[in-house]
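The values are calculated or read from the model by the stated rules, or taken from the named source; none is laboratory data. Model, not experiment: these values are computed from the prediction. Quick reminder, even Gly has a Cβ in these numbers, built from the backbone with ideal geometry, and neighbours come from all protein chains shown. Note: areas computed on protein heavy atoms with side chains; ligands, DNA, RNA excluded. Shrake-Rupley method; radii C 1.70, N 1.55, O 1.52, S 1.80 Å.
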Amino acid sequence: MQIYAEVIINNKHKETDKIFHYAVPENLMDKVQPGCRVIVPFGISNKHMEAYILGLTDQVDIPVKRIKQIHSLIDDYPLIPGKMIRLIEWMKEKYICFYIDAIQTVIPTPIRTKSTSVIELSEEDYEQKKARVKSDTLLEILEYIEENDGSANLADLKSYFSDIKLDYFIKKLTDAGLAVKKQIIKSKLGKKIDKLLYINQNINAELSKNAIKQKELLDYIKDNPGVSITKLKTVYSNCDSSVKTLINKNYINVIEKEEYRYGETRVYEDKRPYLTEKQLDAIKQIEEHFKEKRNVLLHGVTGSGKTEIYLDLIEKYIQMGKDCIILVPEISLTPQMINRFKGRLGDKVAVLHSGLNEGEKYDEWRKIKTGEVKAVVGARSAIFAPFSNLGIIIIDEEHENTYKSEIKPKYITREVAEKRCRLEDARLIMGSATPSIESYYRAKHGELGLVELPERVNGKEMPEVFVVDMREELKQGNKTIFSRLLTEEILQTMKENNQLILFLNRRGHSTFVSCRDCGLVMKCPRCSISLTYHMNEDNLSCHYCGLQKPNPPVCPKCGSKNIKYFGVGTQKLEREFQKKFSIKNTLRMDADTTRFKNSHEAILDLFRSGKSKVLLGTQMISKGLDFPNVTLVGVITADTSINLPDFRSAERTFQMIAQVAGRSGRGSKEGKVVVQTYTPEHYSIIYAKMHDFVGFYNEEIKLRRELSYPPFSHIANILISGFDERKVIRSANDVGIFMDAEIKEYPGIEKLGPSTAPLSRIKSKFRWQIILKSESEDMLRELLQKLADSKYTEIEGITISIDINPNSML
């Protein structure tokens, strides 16, 4: 019986976003499975393309004669587990994306393939081929390919023959039958194999007296059995030839061994503490919810011991033979969490996050795939870890906006986790001191089990929070970025030899630069936003497109030297702190200081060691970190997000203050928090001062209900962008007319716009948006799918992005 594979072609286009059928050849019948990756002939030219098998069938609706055969299998095993295929199909529908978008989200970049064009000479005798060639250029190309064993990479040929029209001459060779152009598809990366060297004990022959270097190498290998060739080369340079001779003469044996590219520099031993009665009670409640197949929201104040609860549950699931996923929102939190989990679980833990290089990601992914580990700690993408026996998923700091993808598919990690748990009969815990309004609402209404830890471990007090009205500071003549109270507390903290954290959610030195004579503000020529001054580099930088330009000594418009730097970023904060308090040994943690590999870990290690008493930074330092000697946290300005045109601005402000305040007083000493603001009367700041999440929730949920914002509705943002402003405006209006016509079939859906987006230009692209609101997510998605299928998504030079329940309305 003929079996047919249902495949998705690796091509991002509306016309190829569907199932194609290919016959499974006899020689692959026992190897092909759903989830496998294959090479298939596609289109009229039968171009070899990568494809993913989603299913197998013996029934097709098209004439059998038209069905082509699979060319070959890329991998020896299915890359995508069967239940993950169901998740891919769900993501395509849920987030309105192509099949291949969802597939490539599940499979990390290093696992994917690359396609290479190769020119191979025909089997005809080389001298005969030369005799047939009349052109000197063709002869030169022919000789190059022959010298490369009769086969040459097209990219290498183009690099070598850069001054000629190579495609023309290659066509001449192929048309004459002298060469053939082939396409080779292979994985981007493979295993890293190291060769270990051992003395061959069965050889008694002596080396010649002149073989001094060989004798030296032999003695070293004898003293260091199993030394790798890589290591040997660091001790003896230019030893390749001598090693090869020793191998050929059988003086040494070579054993190949895979070397994993990711390795911890060190792992702290994690001593198992005694769980408190409240932690044990929380675990009991969680397990009761799990028995009823209900996922859990764990709401515990900062320092309440949520991580110990995670560890206890994970150990239990591993003992049951189950696999575990632990998600953290920031790369900066990953080293700390890895140390805790590896200290407790040993080598059963893998790591997946964007800070790893391609080779490290490849190795960690394969450890998970082959069952070598039982748990993975990572950022958002680790939700797709290819475990085959998933038992539990834990999302720490579930409220964080980093759990929302900003590229297709624009998935929400919480939703993907819940769907994966349903598909694989696993359990989900979402933990936070400041849960998202949507999650807490669901928990209060019984959709999630709610478990609460209202106190810190062992009765430790929450830090006292002082709110400083910076308007009063100005009236009193204090124009510095440090209020009088914060200054006093910093001096007292330093006197007591404790540590402090200063939080400011803006990097750079000054937030904008302006001419005081003509009023010109230095703006990004590609984005509708002012440039930020970075003092260390003495340049102006755009934090949206990455543009950098020299800091002008005079105004570009009027030539005045009277240029003023306004606002404050982390660079300026660090400089002003060092100047005011005469302390040079400070640490700064922001996007500028953490560009390099392991930089997060290096900064946090220095602070943990006590070598520096002061840590300044952005949101990277505001959550999850545990330093027992920190007794003071200063929030330089709490107003950065309050006035943004976004319905979540109050929620984000409360979360920011509550989370960073939770870094203080986690050890045996009492903690204090000083919050500086120009809007002390705002309810988000008032409730954060009292550590009162429930009070904030009750206030916020009333506003959400009145204005019909989530969780009482679902929102979609349709973003129309392009380089031609007129074309963007015209397309936005056309989409608006289309939506007006279609929306009549969907009562209850409200449309706002089209209008310019709050950030009207980014990376030289003009941006317009249309906002939709609806109580029914299904109706909203059905309407948006009609837009995705329409002609408006195919206009050249125009990009239409659809985001359901976006993180930001900017």
| field | Residue match in segment 515-522 (condition: over 20 Å from C555 (Cα atoms) and either modelled with pLDDT under 80 or in a loop (DSSP other than H, G, I, E, B) (or both)) | value | no
| remark: Exception for R761 within (1) closer than 14 Å to I718 by Cα; (2) touching a residue at least 60 places away in the same chain (Cβ under 8 Å); (3) among the basic types (K, R) falls at (1)
| message | Restricting to segment 526-571, count the residues that are touching a helix residue (DSSP H, G or I) at 6+ places or on another chain (Cβ under 7 Å) and in a loop (DSSP other than H, G, I, E, B). | response | 2
| request: For K744, indicate whether it is open to solvent by 60 Å² or more (accessible area, probe 1.4 Å), of a type outside the set (S, T, Y) and under 30 Å from R526 (Cβ atoms). | output: no
| message | Quick check on I247: is it more than 30 Å from P108 (Cα to Cα), open to solvent by less than 90 Å² (accessible area, probe 1.4 Å), modelled with pLDDT under 85 and in a loop (DSSP other than H, G, I, E, B)? | response | no
| query | Among the residues of segment 644-658, which ones are open to solvent by 20 Å² or more (accessible area, probe 1.4 Å) and not in a helix (DSSP H, G or I)? | reply | L644, P645, F647, R648
| request: Could you pull out every one of the helices (runs of 4 or more DSSP H) wholly within segment 297-386 that has 3 or more residues that are among the hydrophobic types (A, V, I, L, M, F, W, C) and open to solvent by less than 20 Å² (accessible area, probe 1.4 Å)? | output: 306-319, 334-345
| remark: If we keep only residues of segment 393-411 that are open to solvent by 20 Å² or more (accessible area, probe 1.4 Å) and closer than 23 Å to G82 by Cα, then the residue modelled with the lowest pLDDT is K408
| Restricting to segment 160-216, what's the tally of residues that are at pLDDT 80 or above, of a type in the set (V, I, T) and under 30 Å from L139 (Cα atoms)? | 3
| note | Among residues of segment 65-74 being closer than 13 Å to Y52 by Cα and in contact (Cβ under 8 Å) with a residue 60 or more places away in the chain, the residue least open to solvent (accessible area, probe 1.4 Å) is I70
| request: Working carefully through the options L313, L275, find the one that is under 28 Å from H445 (Cβ atoms), over 25 Å from the mean Cα position of the chain (by Cα) and of a type in the set (A, V, I, L, M, F, W, C). | output: L313
| remark: Within segment 601-617, residues being open to solvent by 30 Å² or more (accessible area, probe 1.4 Å) and either closer than 21 Å to I636 by Cβ or touching a Lys or Arg at 6+ places or on another chain (Cβ under 7 Å) (or both) number 1
| task | Considering only segment 412-435, state which residues are open to solvent by less than 10 Å² (accessible area, probe 1.4 Å) and either out of contact with any Lys or Arg (no Cβ under 6 Å at 6 or more places or on another chain) or of a type in the set (A, V, I, L, M, F, W, C) (or both). | result | V416, A417, R420, C421, A426, L428, I429, M430, S432, T434, P435
